[in-house]
Amino acid sequence: MTTDAKAGEATEPTDKQAARRARAAANGVDTVPPLARLFPLGLQHVLAMYAGAVAVPLIVGGALGYSSEDLAFLISADLFVAGIATIIQSVGFWRFGVRLPLMQGVTFAAVGPMIAIGQAEGIQAIFGATIACGLFMILVAPFFSQLLRFFPPIVTGTVILIIGLSLMRVATGWIVDGSEDGAPPVNVAFAAATLLVIILIERFAPRALQRVSVLLGLAIGTVAALFVPGMVDWSGVGEAGWFALITPFHFGLPTFQVASVVSLIIVGIVIMTETTGDMIAVGEIVDKPVTRRRLADGLRADGLGTVIGGVFNTFPYTAFAQNVGLVSLTGVRSRWVATAAGVILVVLGLIPKISAVVEGVPRAVLGGAGIALFGMVAASGIRTLAKVRFDNKNVLIVAISVGVALLPTVAPTIYDQFPQWFTLIFDSGISAGAITAILLNLLLNTEEMRASRTGEPAFSAHDAVRGPAAAALVHPEAQGTGLIPTKVLDADRRAAAETDAAVPGDAMPEEGSGRMPPESPAR
C-alpha cells in the first residue's frame with residue numbers, strides 16, 4: 001500500500017470527526033460548554049425550577065401528616081430522582097431520552113389523586129401506583145408519539161403559548177407568597193427590581209454575563225433582600241444534615257391497588273400530553289425539531305424517571321416548562337447544561353444543608369425572574385404561530401384554545417364540582433388547551449377546507465384593514481409574507497409608475513422609503 005493511500009485512510013476518519021464536531025458546534029445542542037460556564041448555567045436551571053420541585057413533596061407529605069424529618073427525606077428523595085431523570089432525558093441511552101435541554105421534576109397534575117390515595121390506602125399505595133404509571137408510560141410511548149401528526153404549527157404554537165400564559169399563575173403565587181390580602185408591596189418591589197436587573201444585564205452586560213442573567217438577577221435580589229428583615233429565611237440551614245442516604249422503599253414496600261393505579265395512569269396520559277408540548281417547544285427554540293422517534297424516546301424517559309421515583313420514595317416526573325423559558329431567554333442550547341443541572345440536583349438531594357441554602361431564595365425574587373422566564377415561553381409560542389396562515393378558522397382555533405386553557409388559571413375553583421377524572425384533565429390548562437387545539441384543528445382544518453381557502457388572503461377581509469389603506473400599511477418589500485396578496489402591491493406599484501411617468505421631470509422615490517414625489521397624486 002502506498003504512503004498516499006495510508007495517509008488517505010488516516011485522514012478520512014479525522015475529516016468525518018471534524019465534520020461531526022462542526023455540525024454539533026453549529027447546532028449548539030450537542031456542544032459541551034467549558035466547565036467554568038457549565039456550572040453557573042446549570043445552577044441557573046436549578047434555581048429556576050427549585051421552588052416547583054420541592055413543592056409537591058411538601059404538599060403531599062403535609063397532607064398525610066408526616067413529621068418534619070420525613071418531609072426533609074421526601075424533599076431529598078425528590079431532588080435526587082429529579083437529577084437522575086434529568087440526566088436520562090438530556091444525555092439519553094438506547095431508546096430513552098429526548099437528548100434536548102429539558103429539566104425533569106415532579107408533576108403538579110398528580111397532587112390531588114396522590115393525596116386521595118395516600119389518605120385512603122397509605123403512602124405505599126402512592127409509590128405502587130407511581131411505578132405502574134411509569135411502566136404504562138414506557139409501554140405506550142411509541143404509540144403516543146404517533147400523535148405527533150396532530151401537532152402542526154397551529155397546534156404547537158398554541159400549546160406553547162398556553163404553557164407560558166398558564167405558568168404566569170406560578171410567578172404570581174411566588175410574588176403573593178401565601179398572603180390572603182394580595183401581594184405585599186415589598187414583594188412586588190423585589191419582583192420588579194429582579195426583573196429590572198435581568199433586563200439591564202441583557203442590555204448592557206457582556207455576552208458571557210447575559211447567558212446567566214437569571215442567575216445574576218436571583219443572586220443580586222437575594223443579597224438585597226438580606227437587608228430587609230424576614231425576606232430571607234435560612235433558619236433551616238443549621239437544622240439540615242450534611243448527608244442524606246436515599247434508600248429504596250424507605251416507607252415500606254409498595255402496594256398496588258387497582259383504583260389507585262388507574263387514577264395515576266390517567267395522570268400519566270396528562271403528563272405525556274404536557275411533555276409533548278414541552279419537547280416540541282424546546283425543539284422549536286433550539287432549531288432541532290422533535291421527530292416521532294425522538295418524542296417516543298423522551299416519553300420513555302419520563303416513564304423511566306417515574307418508575308425510579310416510585311422506587312426511591314417519590315412521585316411521577318415530567319418536563320418542567322419553566323426551564324423551557326430559560327433556554328429561550330439565555331439562548332444556551334446545550335443539553336449538557338441540563339445534564340450539569342441534573343448533577344447539581346443529585347448533589348442537593350444527597351446534601352440537605354446545601355439545598356436548604358437554595359431554598360432560602362425569597363419567593364418574590366423568584367417571581368420577578370418567573371415573569372421573564374414564562375413570558376419567553378409564551379413569546380416562543382407566538383413565534384411558532386407566525387408560521388401559520390391566519391384565516392378565520394385558525395384565528396378561532398387559537399382563540400378558543402387559549403380561552404379554555406385560561407379558565408382554571410383565572411378561576412381555580414371552576415371545576416370543583418366535577419368528577420375527579422374530569423378535573424384531572426381540565427384542571428390543567430395546558431392539557432385542556434392542547435386537547436381543544438387538536439380537536440378544533442381536526443374539525444376546522446380538513447384537507448378539503450384548506451384546499452377551498454388557498455386563494456384567500458392570510459387575514460380575511462372583515463378581520464383586517466380594507467381597501468388601499470391596507471396596501472399602504474405593508475412595506476413594498478414584504479412580498480411573500482402572506483400579510484396581503486402580492487397582486488395588490490404589484491397593481492399599486494404599476495399605477496404609481498404610470499402616473500409618475502405621465503409627469504415630466506419627476507423622479508421615482510426610493511423603493512421602500514415611503515416617500516412620494518411632490519406632484520404625484522395621493523394613492
Applying the selection to the range 245-265, what residues are exposed (fewer than 13 other Cβ atoms within 10 Å of the Cβ) and polar (S, T, N, Q)?
-> 247
The correct count of residues that are β-branched (Val, Ile, Thr) and in contact with a Lys or Arg (Cβ under 7 Å, 6 or more places away or on another chain) in the range 133-161 is 1
Within the range 204-217, count every residue that is touching a helix residue (DSSP H, G or I) at 6+ places or on another chain (Cβ under 9 Å), surrounded by fewer than 23 Cβ atoms within 10 Å (Cβ to Cβ), at pLDDT below 80 and in a helix (DSSP H, G or I).
-> 3
Pick from 138, 220, 160, 199: which is closer than 18 Å to residue 271 by Cα, open to solvent by 30 Å² or more (accessible area, probe 1.4 Å) and either in contact (Cβ under 8 Å) with a residue 12 or more places away in the chain or of a type outside the set (Ser, Thr, Tyr) (or both)?
-> 138
Filter result (surrounded by fewer than 23 Cβ atoms within 10 Å (Cβ to Cβ) and either of a type in the set (S, T, N, Q) or not in a helix (DSSP H, G or I) (or both)) within the range 43-84 = 64, 65, 66, 67, 68
List pairs: first in the range 64-92 and under 22 Å from residue 318 (Cβ atoms), second among the basic types (Lys, Arg) and surrounded by fewer than 23 Cβ atoms within 10 Å (Cβ to Cβ), Cβ under 9 Å, 6+ apart or cross-chain?
-> 89/99; 90/99; 91/99; 92/99
Residues in the range 279-293: is at least one closer than 30 Å to residue 73 by Cβ and modelled with pLDDT of 85 or more?
-> no
Would you mind stating whether residue 286 is touching a residue at least 24 places away in the same chain (Cβ under 8 Å), within 30 Å of residue 147 (Cβ to Cβ) and either in contact with a Pro (Cβ under 8 Å, 6 or more places away or on another chain) or open to solvent by 50 Å² or more (accessible area, probe 1.4 Å) (or both)?
-> yes
When residue 336 is run through (1) more than 20 Å from residue 86 (Cβ to Cβ); (2) open to solvent by 10 Å² or more (accessible area, probe 1.4 Å); (3) touching a residue at least 12 places away in the same chain (Cβ under 8 Å); (4) not β-branched (Val, Ile, Thr), the failure sits at (1)
Only listed residue being of a type in the set (S, T, N, Q) and touching a Phe, Trp or Tyr at 6+ places or on another chain (Cβ under 8 Å), chosen from 445, 441 = 441
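The values are calculated or read from the model by the stated rules, or taken from the named source; none is laboratory data. Predicted model, so just to flag it, every value in this text is computed and none were measured. In this analysis, Cβ positions are derived from the backbone assuming ideal geometry, glycine residues included, and neighbour counts consider all displayed protein chains. Quick note on the areas: whole protein, heavy atoms, side chains included, nothing else; ligands and nucleic acids left out. Shrake-Rupley method; radii C 1.70, N 1.55, O 1.52, S 1.80 Å.
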